[in-house]
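The values are calculated or read from the model by the stated rules, or taken from the named source; none is laboratory data. Everything numeric in this text was worked out from a predicted model, so none of it was measured. Note: ideal-geometry Cβ built from the backbone for every residue, glycine included; neighbour counts use all protein chains shown. Please note that ligands, DNA and RNA were not included when accessible areas were found on the heavy atoms of the full protein model with its side chains. Shrake-Rupley method; radii C 1.70, N 1.55, O 1.52, S 1.80 Å.
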Amino acid sequence: MSHKILLTSKEVNIILHRLACQLIENHLDFSDTVLIGLQPRGKFLAERIKQILEQEYKVQNVTLGFLDITFFRDDFRRGDKPLEANKTQIDFLVENKKVVFVDDVLYTGRSIRAALTAIQSFGRPSVIELLVLIDRRFSRHLPIQPDYRGRQVDAINNEKVKVTWKEHDGEDSVYLI
């Protein structure tokens, strides 16, 4: 399998800061805004965005949670192997809050549709936005688009986009495989 590097560690860092600045422009003090990382891979991006907001831009009290969408997906019974659920960790209500879903790659849109269903268990948000590091254009099955995107990628045929995180994989990078 050939790997083509799409984003280096330095480029990922620049994009993360740009995404954080865009969030600040739209949400200012974050008193009514919560970030929710979609498990499993959106967790790393959400944690990093929160860290940048608090440490680099001195935003106080950024609320962060993690949402497992495994059993809300429309394809969860279609695989050959049993699914392993991740942990939902939302210890706050989202009622009347501005929710920002955070995920690493937007592909077909099915994960986001599942997240929209799953979040209802925690209240009714006033607004839901979507932040993604990579937007795979031309591959959507549902009419879902990100509000904040790091980079658009045109992957064709059987190409996959793989995002690696320093905390989990040893490096920050994005590959086309």
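At-a-glance table
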{"quantity": "Cα-based Kirkwood hydrodynamic radius, the chain, one decimal, Å", "calculated": "16.7"}
{"quantity": "Percent accessible area from carbon and sulfur atoms, segment 110-177, protein chains only, probe 1.4 Å", "calculated": "46"}
{"quantity": "Fluctuation leader among 20, 115, 85 - the chain, Gaussian network, Cα springs under 10 angstrom", "calculated": "85"}
{"quantity": "In order through segment 85-97: 3J(HN,Hα) via Karplus (6.51 cos²θ - 1.76 cosθ + 1.60), integer Hz, x for Gly, Pro", "calculated": "6, 9, 9, 7, 9, 10, 9, 8, 8, 9, 3, 6, 9"}
{"quantity": "Å² per residue, accessible surface of the chain at 1.4 Å", "calculated": "56"}
{"quantity": "Loop GluC sites (Glu not before Pro), segment 83-137, which have at most 14 other Cβ atoms in a 10 Å radius of their Cβ (DSSP)", "calculated": "84, 95"}
{"quantity": "DSSP beta bridges in segment 51-177 [antiparallel fraction, %, rounded to 5]", "calculated": "30"}
{"quantity": "Cα-only radius of gyration and Dmax that characterise segment 112-177, units Å", "calculated": "14.4, 39"}
{"quantity": "Theoretical FRET efficiency, 1/(1+(r/R0)^6), r = Cβ-Cβ of residue 89 and residue 160, R0 30 Å, to 0.05", "calculated": "0.65"}
{"quantity": "Euclidean distance of C-alpha centroids, segment 115-152 and segment 1-71, integer Å", "calculated": "13"}
{"quantity": "Candidates 38, 93, 131, ranked by Gaussian network fluctuation over the chain, Cα under 10 Å, top entry", "calculated": "93"}
{"quantity": "Subset of 98/166; 10/50; 4/166; 4/87; 43/98 violating a 21 Å alpha-carbon distance limit", "calculated": "98/166; 4/87"}
{"quantity": "Theoretical ellipticity at 222 nm over the chain - DSSP helices of four or more residues, -39500 (n - 2.57) apiece, nearest 500", "calculated": "-7000 deg cm²/dmol"}
